[in-house]
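Visitor: Quick one: this structure, given as structure tokens, is what I'll be asking you about.
Just so it is clear, none of the values below were taken in a lab; they were calculated from the coordinates. These numbers come from a predicted model, not from an experiment. Every residue, glycine as well, gets a Cβ built from its backbone with ideal geometry; the counts of neighbours run over all protein chains shown.
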Amino acid sequence: MNGKQIRTAAIAAAAVIAIGAGITTMILRHDAQKSVDAYRSDSLGTGPQISDSKIVEALTAQNLGISKLSVRSFNGIVILRGNADAVTAARAVSVTRGLGVERVANLITPATAIDDDAIRREAERTLANSTSLEGTLISISVDNGVVSVSGRVKNEYQREAARSILRSVRGAKEVRVDLVTG
């Protein structure tokens, strides 16, 4: 785009915003009974509005077992996120629609179980790639998702670096550090 096209686009955008603000002001002035959100909802055809927290309460009351549940509404669409199996995800959509929501984006993903061996391999790979841990002698073990690291490091900085790095390993529930400095 050249400068003239950019200015024209900016003026057009400003006009749309000004018109939108004028409509909102007019609605508030002439129809105190009806909120702007309700007007926008009716004009978009999205049906009744329900708060995200009410949807979370309804899903929690059903004991669906969705970990990391997140509910967000955007332009009349309720977006469900979290981890659960496919049946639970379908039930969550059903419960949400039962509250009067017409459009639901189901982004609930299956929780993947990670075995201890995979966690150990990723932990070892991550530590091996860290330049801050050069010259250390470290051993990793994993039991039920608990990562234990033992061995020898040069200083306290390397000890904390190992702890920090291992906390980011996918599937690690806890990190136990038994590193000797010296």
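Visitor: What full-extension length gain, to one decimal in nm, is calculated for Ser73 and Ser130 as 0.36 nm per residue of separation minus the Cα-Cα distance? Walk me through the intermediate numbers first.
Guide: Values: separation 57, 0.36 × 57 = 20.52 nm, distance 4.04 nm.
Length gained, Ser73 through Ser130: 16.5 nm.
Visitor: Rank these for me by crowding, Thr96, Thr181, going from fewest to most other beta carbons within 10 Å.
Guide: Details: Thr96 21, Thr181 11.
By the 10 Å Cβ count, ascending: Thr181, Thr96.
Visitor: Another question, if that's okay. Each label point is 7 Å from the Cα along the Cα-to-Cβ direction; what then is the distance between the points at Asp117 and Asn63, in nm?
Guide: 3.6 nm
Visitor: Which net charge results for the neighbourhood of Gly135, defined as the other residues with beta-carbon distances under 12 angstrom from its beta-carbon, given Lys and Arg at +1 and Asp and Glu at -1?
Guide: With Lys, Arg at +1 and Asp, Glu at -1, the net is +1.
Visitor: Roughly how many nanometres apart are two label points built 7 Å out from the Cα toward the Cβ at Asp85 and Val146?
Guide: According to this spin-label approximation, the distance is 2.8 nm.
Visitor: Tally Lys/Arg at +1 and Asp/Glu at -1 over every other residue whose Cβ is under 15 Å from the Cβ of Leu166; what's the total?
Guide: Values: positive: Arg120, Arg121, Arg125, Arg159, Arg163, Arg167, Arg170, Lys173, Arg176; negative: Asp116, Glu122, Glu124, Asp143, Glu160, Glu174, Asp178.
Neighbour charge sum, excluding Leu166 itself: +2.
Visitor: Hey, fewest Cβ within 10 Å first, where do Arg125, Arg81 land in order?
Guide: On the way: Arg125 10, Arg81 15.
Final ranking by Cβ density, sparse to dense: Arg125, Arg81.
Visitor: At R0 = 41 Å, how high is the FRET efficiency between Ile50 and Asn155 if r is their beta carbon distance? Nearest 0.05 is fine.
Guide: Details: r = 55 Å, r/R0 = 1.34.
Working from the Cβ atoms, E equals 0.15.
Visitor: Now for a separate question. Would you work out if the range 116-181 is rounded, prolate or oblate? Take a ≥ b ≥ c from the square roots of the eigenvalues of the alpha-carbon gyration tensor; rounded if a/c is under 1.5, else prolate when a/b is larger than b/c, oblate otherwise.
Guide: prolate
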